[in-house]
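Colleague: Got a structure for you, questions after.
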Amino acid sequence: MKYNYTFFVNNRRKSLLRLFYFIFKYSKIFFFRKYYLDILSFYKILKYSGHPVVVECLEQGSKKLGLNFNFYRYDNNFNEIAVVNSGIENLEMCIRKKKEGIIKFIAAGPNLVVLPNEHNSILSNEYIDMVITPSKWVSQTYIRAEPKISKKIYEWCSGVDHNYWIDKKKKRKFITFYIKYSAGPIPKNIGDYINFVKFLGYIPKIIEYNKYNGNKFKKILNESILLVYFSNHESQGLATAEAWSCNTPTLIWNNQETIINNFKMKSSCCPYLTKECGNFFKDLNEFKETFKKTIINYNEYNPRKWIINNLTFKLSVKRLNNLIKNKIEN
């Protein structure tokens, strides 16, 4: 049976204040991150409200699969299945419409809340059929915080645009260090990691989260032997998936515990890392050993192949469609 979907994402025009906020925000991004050198990526940021990669995945993957779908913000029409990607006000509206019999099924997530007990524990509402998280560790945290949702929680990860994030077959010369401060504490001795690769004769390069545009990141990835990734935690890790799509293996700092809103939890810095895509390291000593082994066995890594086989837009939405289909029919 073929189902009809309506996707709900952030409404930037909900109020005049919100509209001015987004105008200021994107004007700042345009100049600060030099998106005037990457108009296509900036257009996507403007087009896809919410998390732009996730929303683009929903649209493009649905088209490739031939699903019947619409985005509520475009035409204000409802189909029987509501996938509320972001916007608590969207979820509240869908609950009302389900009570009225207009909507038959609600899938909520993965970009709605940080913890499930927010907004009066709305995710545990009886009219929500499915709660979606980006990875297993997030699901486990949600269940700890709100046990009522344990029987309706599922994982779904967004795909990346493998036609944009490509391997240009360039000469690779850098060891690039990706630094993300905003997710929480990361090692203070990153300079020691950089000095180590320098000592071995490699050229280090540093890129910081939220300080680049797509073209710049893609260019750096195509010139990088490895991407060394420092983040306190990642619910999915889209930047690492973009690296894999450019056929750049990753070495990931393996932090396994974090605190969000005073809630301590087990976490991951890269939930979908496989042996085909790279390795974890826990500290400087393990990094030195892992780095050397990764370089020696470099030809065994094929992260782009893993993306093509697992994390394209089409494959991602196919998994989401199957999750919802199985939930409805079983």
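Colleague: To the nearest Å, what is the center-to-center distance of segment 149-170 and segment 264-283, using C-alpha atoms only?
Modeller: Taking the Cα centre of each part, segment 149-170 and segment 264-283 sit 16 Å apart.
Colleague: Using unit Cβ charges (K, R positive; D, E negative) and no other charged atoms, how large, in debye to the nearest 20, is the dipole of the chain about its Cα centre?
Modeller: Taking the Cα centre of the chain as origin, the dipole is about 780 debye.
Colleague: Using the alpha-carbon atoms, what tilt in degrees (0 to 90, nearest 10) does helix 52-65 show relative to the longest principal axis of the chain?
Modeller: 70
Colleague: At 37 °C and 0.692 mPa s, grab the translational diffusion coefficient of the chain from Stokes-Einstein with a Kirkwood Rh over Cα pairs, rounded to a whole number in µm² per second.
Modeller: Stokes-Einstein gives a translational diffusion coefficient of 156 µm²/s.
Colleague: Contour minus end-to-end for N215 and Y3, with contour as 0.36 nm per residue of separation and end-to-end as the Cα-Cα distance? Walk me through the numbers before you get to the answer.
Modeller: Details: separation 212, 0.36 × 212 = 76.32 nm, distance 3.65 nm.
Contour length minus the Cα-Cα distance gives 72.7 nm.
Colleague: How far, in nm, would the chain grow between L37 and N76 when pulled straight, counting 0.36 nm per residue and subtracting the alpha carbon separation? Walk me through the numbers before you get to the answer.
Modeller: Numbers: separation 39, 0.36 × 39 = 14.04 nm, distance 3.43 nm.
Computed gain between L37 and N76 is 10.6 nm.
Colleague: May I ask you to derive the FRET efficiency for K170 and E126 from their Cβ-Cβ distance with R0 = 56 Å, giving the value to the nearest 0.05?
Modeller: That pair, K170 with E126, gives E of 0.55.
Colleague: Lys/Arg Cβ at +1, Asp/Glu Cβ at -1, dipole of the chain taken about the Cα centre: which of L65, F281, N163 is farthest positive-ward?
Modeller: N163
Colleague: With unit charges on the beta carbon (Lys/Arg positive, Asp/Glu negative), name the residue among I186, V55, A107 whose Cα is farthest towards the positive pole of the charge dipole of the chain.
Modeller: Sorting the options by dipole projection puts first V55.
Colleague: Among DSSP bridges having both ends in the chain, what percentage is antiparallel? Round to the nearest 5.
Modeller: Counting DSSP beta bridges with both partners in the chain, the antiparallel share is about 10 percent.
Colleague: Greater than 31 Å separation of Cα atoms is the criterion. Which listed pairs, K34/K188; K180/K325; K188/K211; K264/K293; K188/K293, meet it? Mind showing how you got there, number by number?
Modeller: Working: K34/K188 28 Å; K180/K325 37 Å; K188/K211 20 Å; K264/K293 33 Å; K188/K293 24 Å.
Distance filter (> 31 Å) returns K180/K325; K264/K293.
Colleague: Let me ask you something else. How high is the FRET efficiency between I203 and V114 when r is their beta carbon distance and R₀ equals 35 Å, given to the nearest 0.05? Show your work: numbers first, answer last.
Modeller: On the way: r = 38 Å, r/R0 = 1.07.
Efficiency, from the Cβ-Cβ distance: 0.40.
Colleague: A further question follows. Just how far, in whole angstrom, is segment 15-44 from segment 195-252 if you go by their alpha carbon centroids?
Modeller: 24
Colleague: Between I179 and K104, how high is the FRET efficiency from 1/(1 + (r/R0)^6) when r is the Cβ-Cβ distance and R₀ = 30 Å? Nearest 0.05. Don't jump to the answer; show the numbers that get you there.
Modeller: Numbers: r = 45 Å, r/R0 = 1.51.
It comes out at approximately 0.10.
Colleague: Quick check on my link table: of K173/K314; K218/K314; K25/K136, which ones sit more than 30 Å apart, alpha carbon to alpha carbon?
Modeller: Numbers: K173/K314 32 Å; K218/K314 21 Å; K25/K136 32 Å.
Among K173/K314; K218/K314; K25/K136, the Cα-Cα distance tops 30 Å for K173/K314; K25/K136.
Colleague: For the pair E89 and K314, how long in nm is the line joining their label points, each one 7 Å along Cα→Cβ?
Modeller: Modelled inter-label distance: 3.7 nm.
Colleague: Quick check: pseudo-label points 7 Å beyond the Cα along Cα→Cβ at Q140 and F196, how many nm apart are they?
Modeller: With each label point 7 Å from Cα toward Cβ, the separation is 2.6 nm.
Colleague: Put a dot 7 Å past each Cα toward the Cβ at E286 and I260; how far apart are the dots in nm?
Modeller: 2.2
Colleague: Can I ask one more? In degrees between 0 and 90, to the nearest 10, how far off the longest principal axis of the chain does helix 284-296 point, with axes built from Cα atoms?
Modeller: That helix lies at roughly 80 degrees to the long axis.
Coordinate-derived values only; no laboratory data. On a predicted model such as this, the values are computed, not experimentally measured, just so you know. Counting neighbours? That spans all protein chains shown, and the Cβs are built from the backbone with ideal geometry, glycine included.
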